[in-house]
Amino acid sequence: MSSFRTFFSFTRREQYGIMVLLSLIAVIVSVNFFIRESAPAVADEEVFSRWEEEVRAFQEQQEIAAAYNDSVRAARRQYGNYSDYQTSNTKSYEKYQKSEKKLPAPFLFNPNDVSKDDFVKLGFSEKQAEGIVKYREKGAVFKSKQDFQKIFVVSDEMYAHLEAWITLPDGETSPVADNATVASREPVVVELNTADTTSLKQIDRVGAYLAQRIVEYRQKLGGFHSVEQLLEINSINEERLSVIAPHFVIDNGKIAKLDLNKSSFKDFTRHPYFEYYIVKAIFEYKDKNGRFVSVDDIRKIPLIYNDLYNKLNPYLYVSAN
């Protein structure tokens with residue numbers, strides 16, 4: 001009774017605080033009890049495993065979609081809309097092409113005696129031309145084409161453009177200076193898909209550097225089906241092509257082709273003409289519709305418009321099995 005009296009001897013505020021505290025304790029105990037009673041059973045292992053697989057598959061799809069979108073955005077930044085892409089110049093497609101700089105038409109010159117103005121006419125800047133002349137004034141003499149190539153202002157691109165026009169003794173063929181000499185020489189004709197650099201250098205306006213570039217690009221393509229494809233190589237313009245084209249014949253049977261049903265994704269992306277998003281579309285179509293029956297089937301892919309089909313077709317085939 002004394003304890004009871006003590007309780008009621010608390011002030012009204014203290015009594016109220018004790019009642020609130022007891023109520024909170026009761027609520028916590030009750031909630032804890034009901035949570036335990038209604039706790040779900042442990043998820044079945046098989047269901048959980050399936051859920052994990054679905055999550056992984058979803059994540060993979062998101063990653064593939066992101067990569068595809070990135071490639072499409074990159075293509076649009078480079079080529080604009082697809083309508084613009086269809087009509088773009090052949091050089092625009094080529095990853096191998098490193099520069100679109102237009103160099104002036106070259107002429108025969110000896111770097112030991114041409115003037116600063118002549119160097120400018122050949123495509124060098126005023127500063128570069130002045131640097132070459134000053135280098136000569138210090139006593140330097142170019143004894144071979146390679147000596148001229150070693151000057152820091154002569155880039156690989158510039159050297160490839162001028163190499164065949166340099167009149168210095170290095171054992172290589174230089175452009176012919178007069179019609180009488182031309183008439184006295186046997187015409188040089190080589191097969192473009194099998195010629196080595198030695199054979200290519202026999203052609204006027206094709207020096208060692210350019211011959212190497214032709215061979216390297218041919219390896220990337222798997223072979224040429226047209227001499228016009230040489231325009232995709234830096235330093236070969238239409239004027240130079242008009243001179244060298246008559247010296248080439250092409251055996252289309254030498255072209256290495258990709259099998260639409262068996263070649264790997266990586267095999268396709270190695271080829272200069274097959275952008276990532278094009279290869280992705282080809283493989284998605286195959287996954288959805290099964291194997292290709294003919295090369296013509298790729299026309300059913302929305303991204304493959306007529307000009308692109310004509311560009312890719314020489315490098316594709318469908319195996320019998």
Non-local residues with an amide H under 5 Å from the amide H of PHE248, with H modelled 1.01 Å from N and Pro and chain starts lacking one, are VAL190
Once the dipole of segment 204-321 is set up from charges on Cβ (+1 Lys and Arg, -1 Asp and Glu), the residue from the list ASN310, TYR277, VAL227 lying farthest towards its positive end is TYR277
The FRET efficiency for GLU157 and ARG299, from their Cβ-Cβ distance with R0 = 30 Å and rounded to 0.05, is 0.20
Dividing the mean separation of Cα pairs under 8 Å (6+ apart) by the residue count of segment 191-321 yields a relative contact order in percent of 25 percent
Between GLN146 and LYS286, the FRET efficiency computed from the C-beta separation at R0 = 56 Å comes out, to the nearest 0.05, as 0.65
Answer in debye to the nearest 20: the dipole magnitude of segment 236-321 about its Cα centre, from +1 Lys/Arg and -1 Asp/Glu charges placed on Cβ, is 320 debye
Under the Karplus relation with 6.51, -1.76 and 1.60 and θ = phi - 60°, whole-Hz ³J(HN,Hα) for segment 231-241, x at Gly and Pro, equal 5, 7, 8, 4, 5, 9, 9, 5, 5, 5, 4
Per the C-alpha gyration tensor (a ≥ b ≥ c, the square roots of its eigenvalues), segment 106-154 is rounded if a/c is under 1.5, else prolate if a/b beats b/c, else oblate; here it's rounded
Probe 1.4 Å, heavy atoms of protein chains only: per residue, the accessible area of segment 239-299 in Å² is 50 Å²
Site VAL243, offset 7 angstrom along Cα→Cβ, radius 15 Å on amide nitrogen, limited to segment 185-206, gives 188, 201-206
Amide H contacts under 5 Å for LEU316, restricted to residues at least 5 apart in sequence or on another chain and with H modeled in the peptide plane, are LEU258
Once phi for every residue in segment 196-204 is put through the Karplus expression 6.51 cos²θ - 1.76 cosθ + 1.60 (θ = phi - 60°), the whole-Hz ³J(HN,Hα) values, with Gly and Pro written as x, are 8, 5, 5, 5, 5, 5, 6, 8, 4
Using alpha-carbon positions, the gyration tensor of segment 257-321 gives root eigenvalues a ≥ b ≥ c; with a/c under 1.5 called rounded, otherwise prolate if a/b exceeds b/c, else oblate, the class is rounded
Going residue by residue through segment 278-286, the Karplus relation 6.51 cos²θ - 1.76 cosθ + 1.60 with θ = phi - 60° gives ³J(HN,Hα) values, rounded to whole Hz and with x marking Gly or Pro, of 6, 4, 4, 5, 5, 6, 5, 5, 5
Descending packing, highest mean Cβ count within 10 Å first, for 298-307, 228-237, 214-223 is 228-237, 214-223, 298-307
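The values are calculated or read from the model by the stated rules, or taken from the named source; none is laboratory data. Everything numeric here is computed off the predicted structure, so don't read it as measured data. We place every Cβ from the backbone using ideal geometry, glycine too, and count neighbours over all the protein chains shown. Note: accessible area is taken over every heavy atom of the protein model, side chains too, but ligands, DNA and RNA are not part of it. Shrake-Rupley method; radii C 1.70, N 1.55, O 1.52, S 1.80 Å.
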